[in-house]
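> This is the structure I have questions about; it appears just below.
The values are calculated or read from the model by the stated rules, or taken from the named source; none is laboratory data. Note that this is a predicted model, so its numbers are computed, not measured. Ideal geometry is used to build each Cβ from the backbone, glycine not excepted, and the neighbour counts take in all protein chains shown. With ligands, DNA and RNA removed, areas are computed over all heavy atoms of the protein, side chains included. Shrake-Rupley method; radii C 1.70, N 1.55, O 1.52, S 1.80 Å.
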Amino acid sequence: MTFIRRTQIMSSERDEEEEQKTLQQHAQLLTELPKALGTFETDLYLYQGMWLYPDAILSIMLMQNHFNHHPTDIFLTSFMKSGTTWLRSLMFTILNRSRFDFSNHPLLRKGPHDCFPVLDLYKPKDYNITNTKPLPSNSPRLFATHFAYKMLPSSITEPSSGCKFVYVCRDPKDVLVSIWHFNIGLRPKELPPLSFEQVFNMFCEGVIEYGPYWDQVLGFWNAALESPDKILFFKYEEMKRDPEVHVKKLAEFMGLPISIQEEESGMVKKIVEFCSFEHLKSLEINKTGSHKANNGNVVPNQSFFRKGEVGDWKCHLTEEMKDRIDRITYDKFKDSGLTLGAAPQ
Ligand code: PAP
């Protein structure tokens with residue numbers, strides 16, 4: 001056996017020992033953390049200021065302890081139901097635009113959630129995350145996560161890491177409505193049903209998966225103000241208004257700017273149309289296919305494409321509900337310079 005091979009085996013044994021330690025700490029932690037009801041499962045726990053399921057807590061602990069970053073890694077970050085599917089498609093398409101023709105594109109055969117990994121159900125052996133071999137700088141790894149900025153390992157958030165973050169946020173009223181349809185649609189039948197009012201209260205109180213919403217958004221907003229070169233902050237509503245401008249900004253930020261020739265050949269328009277809600281929703285793979293999460297849960301791709309509109313909350317929220325969310329948003333964001341949704345009356 002060569003020296004290198006022996007060293008690899010020893011370090012993989014050490015990794016496994018370390019992982020075992022994290023597993024034990026996780027089991028102990030669950031006996032101590034504050035607990036509440038979730039929309040998918042019964043037990044949500046408050047960990048480092050965020051309400052998470054046990055699987056997600058284990059993932060962030062493993063990530064904090066074992067993630068090996070590459071300086072070219074790009075992380076798509078968001079609160080749930082804020083536009084991840086759209087951004088996933090755009091980032092993947094921008095990155096691979098010279099490799100694939102639109103008529104024979106991987107996104108015609110796999111759903112956006114299968115085109116790059118989510119870290120929230122991360123296990124070190126998945127995605128070759130412990131791989132430390134240098135990677136080509138024009139071929140960054142893409143990852144997605146809903147974890148709070150402050151939870152992510154400092155090795156990736158510190159300025160010298162080279163890693164970048166794309167964050168997308170959305171009017172919390174539309175986020176809530178989207179959560180209601182998605183989470184309740186997938187809620188296991190053996191659990192008691194939840195009403196819209198219950199989910200509304202959970203959201204407002206912040207006791208919901210990845211909540212409180214406002215803390216997660218502010219964490220990225222403040223970090224983006226501090227490090228605009230490292231964090232690109234998008235709003236779903238502004239993307240809807242002018243997708244082409246956002247595609248150009250995104251490509252530039254990813255280190256793969258749109259060239260003049262590409263601009264002239266209509267590349268930006270092609271990317272926008274290919275990743276549009278209407279196009280992606282119409283694809284067979286997104287009508288009949290499904291995404292298998294790392295925890296074994298199977299999610300139909302079509303559940304990621306509902307209406308894709310701005311302001312659908314008007315069909316679901318009473319005037320009083322709207323005012324309550326707008327008031328919380330105003331109070332939480334008033335000193336930050338961030339505006340989302342309308343100012344309260
Ligand atoms: P996730 O957190 O489960 O990944 P995410 O993709 O962030 O979900 O959000 C889903 C929302 O984005 C849905 O909104 P709705 O419920 O209000 O309709 C979904 O329809 C919308 N969406 C998905 N793909 C696109 C797209 N290409 N363009 C615009 N909106 C989209």
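> Any idea how far the Cα center of region 275-345 sits from the one of region 199-246, in Å?
Computed from Cα coordinates, the inter-centre distance equals 12 Å.
> Taking the simple approach of a point 7 Å from Cα along Cα-to-Cβ for both residue 316 and residue 334, what is their distance in nm?
2.7 nm
> Right, another one. Note down the accessible area of residue 154, probe 1.4 Å, to the nearest 10 Å².
Probe radius 1.4 Å; accessible area of residue 154 about 80 Å².
> Of 179, 260, 60, which is the most mobile in a GNM of the chain whose springs link Cα atoms less than 10 angstrom apart?
260
> Here's another thing I want to ask about it. Helix-derived [θ] at 222 nm for the chain: sum -39500 (n - 2.57) over DSSP H runs of at least 4, divide by residue count, nearest 500? Working shown, then result.
Numbers: 14 runs with 152 residues, N = 345.
Calculated from helices alone, the mean residue ellipticity at 222 nm is -13500 deg cm²/dmol.
> Taking only protein heavy atoms into account and a 1.4 Å probe, give the accessible area per residue of the chain in Å². Walk me through the numbers before you get to the answer.
Numbers: 16720 Å² over 345 residues.
Counting only protein heavy atoms, the per-residue value for the chain is 48 Å².
> From the phi angles alone, apply the Karplus equation (6.51, -1.76, 1.60; θ = phi - 60°) to region 320-325 and give each ³J(HN,Hα) in whole Hz, x where the residue is Gly or Pro.
With coefficients 6.51, -1.76 and 1.60, one gets 5, 5, 4, 4, 5, 5 Hz.
> May I pose another question? How long are the three semi-axes of the equivalent ellipsoid of the chain, in whole Å, if each is the root of 5 times an eigenvalue of the C-alpha gyration tensor, listed from largest down? Intermediate values should be presented prior to the final figure.
Values: eigenvalues 183, 156, 81 Å².
Each semi-axis is the square root of five times an eigenvalue, giving 30, 28, 20 Å.
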